[in-house]
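Any read-out appearing in this document is the output of simple, stated calculations on the displayed coordinates, not a laboratory observation. The structure presented is a predicted model; accordingly, all values stated were derived computationally and were not measured. Note: ideal-geometry Cβ built from the backbone for every residue, glycine included; neighbour counts use all protein chains shown.
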Amino acid sequence: MTDAGTVTTENYRLTRYAHGGGCACKIPAGELESMVAGAGISGGAPAGGEVLIGAGDDAAVVRLHGDTAIVATTDFFTPVVDDPYDWGRIAAANALSDVYAMGARPLVALNLLGWPRESLPMELAERVLRGGADVAELAGCPVGGGHSLDDPEPKYGMAVTGTAAATRLLREDAGTPGAPLSLTKPLGIGVLNTRHKATGEVFPQAIEAMTTLNDTASRDALAVGAECATDVTGFGLLGHLRELTRASGVSAVLDSSAVPYLEGAREAVRDGYVSGGTRRNLRWVGECTDLSRVDEDEALLLADAQTSGGLLVAGELPNAPVIGRLITAEENAITVR
């Protein structure tokens, strides 16, 4: 039995117990699309009934009665930081983000925990769960239990159920030409996390960004009358923008000089701390994105696999930079300037 006093981040670097970390562990977008299509799961409009939004968006939405809709989502991943409490907070904020991305508020969450109980002390798992519970409490969302299993790699996240007005949803397929694009958190989380995994260096600015809830951004989007939004996570800004433009039947122009970045992000990509997930993102968007005006480092940052990133909203929000606009569909779905 490991003595509690010796259970520290220095003794157990969680990121070393997983092949990747955070949302960079997502199955590549192109492979995921093929797999889902092969399973017969459509990303288009639901076939009928009370399902308002099915596969293809950030969460599923079902009309409960009248204008009341239920929003359901789940998200989990391997450690993105070494500190178990911070990992729990990050994973919970990330799972809640899908609810906020739909313009909903969370009602209840369930824990999802995989733990290598023979190699990592259970005290660390307790800290993970405490981090998740604290963020859920901050969101006003009770945690009603969950499910755990003995797993070779540590994994944690939540299934979250929320509620929204059926006629006031934020969705990926509601973008219109001329709408400005606002981004509510800076990019660079992925490259800083990759540097952390490789060196152990801690980046408080990245942890703060990942543990910040998207609740205010969601309310702001609804307040300005926005109807189209998504959150920026494992497919990077360009990948999630590609999904939005494709779902909405529009194109986009992105102003790279207006995109905000966390301190240290440019240095991290310059020094080569780029995840395989980010490079796969860039290859995936390359077929529909004009990147001729930016260098490789800038392109990698725009495709950087974020964990618990901000909202990308088709609308102008207070305190969020406008980084581009939607335009009528053209040959290139996204043009970066």
* Asked: Given R₀ = 25 Å, FRET efficiency for L110-A198 by Cβ-Cβ distance, to 0.05?
  -> 0.15
* Asked: What nm distance separates the two modelled labels at R117 and R16, each placed 7 Å from Cα along Cα→Cβ?
  -> 2.4 nm
* In nanometres, what is the gap between the two model label sites at V51 and L138, each 7 Å from Cα along Cα-to-Cβ? -> 3.4 nm
* Among R89, R219, R293, R171, which comes first, then next, by fewest other beta-carbon atoms within 10 Å? -> R293, R219, R171, R89
* Distant-in-sequence amide H partners of T335 (H built 1.01 Å from N, under 5 Å) -> A252, V253, L254, D290
* To do: Using packing as a proxy for protection, rank 149-160, 75-86, 181-192 so that the peptide with the highest average count of other Cβ atoms within 10 Å comes first.
  => 181-192, 75-86, 149-160
* D67 versus V322, label points 7 Å from Cα toward the beta carbon: distance in nm? -> 2.8 nm
* Asked: Shape call for the stretch 251-337 from the C-alpha gyration tensor, a ≥ b ≥ c root eigenvalues: rounded (a/c under 1.5), prolate (a/b greater than b/c) or oblate?
  -> oblate
* Structure fact -> By the Cα gyration tensor axes a ≥ b ≥ c (a/c under 1.5 gives rounded; else a/b larger than b/c gives prolate, otherwise oblate), the shape of the stretch 80-178 is prolate
* Structure fact -> Scoring the chain by relative contact order with C-alpha pairs under 8 Å, at least six apart, yields a percentage of 23 percent
* To do: Sort C288, C228 so the one with the fewest other Cβ atoms within 10 Å of its own Cβ comes first.
  => C288, C228
* Asked: With all pairs of different alpha carbon atoms counted, what Kirkwood hydrodynamic radius in Å does the stretch 172-336 show?
  -> 15.6 Å
* **Stretchable slack from T176 to D255, in nm (0.36 nm times residue separation minus alpha-carbon distance)** => 26.6 nm
* To do: Only Cα pairs under 8 Å and at least 6 apart count here; give the relative contact order of the stretch 172-336 as a rounded whole percent.
  => 48 percent
* Asked: Can you work out ³J(HN,Hα) from phi for every residue in the stretch 111-128, in order, using Karplus 6.51 cos²θ - 1.76 cosθ + 1.60 and θ = phi - 60°, giving whole Hz and x for Gly and Pro?
  -> 6, 10, 10, x, 9, x, 5, 7, 10, 10, x, 5, 4, 5, 4, 4, 5, 4
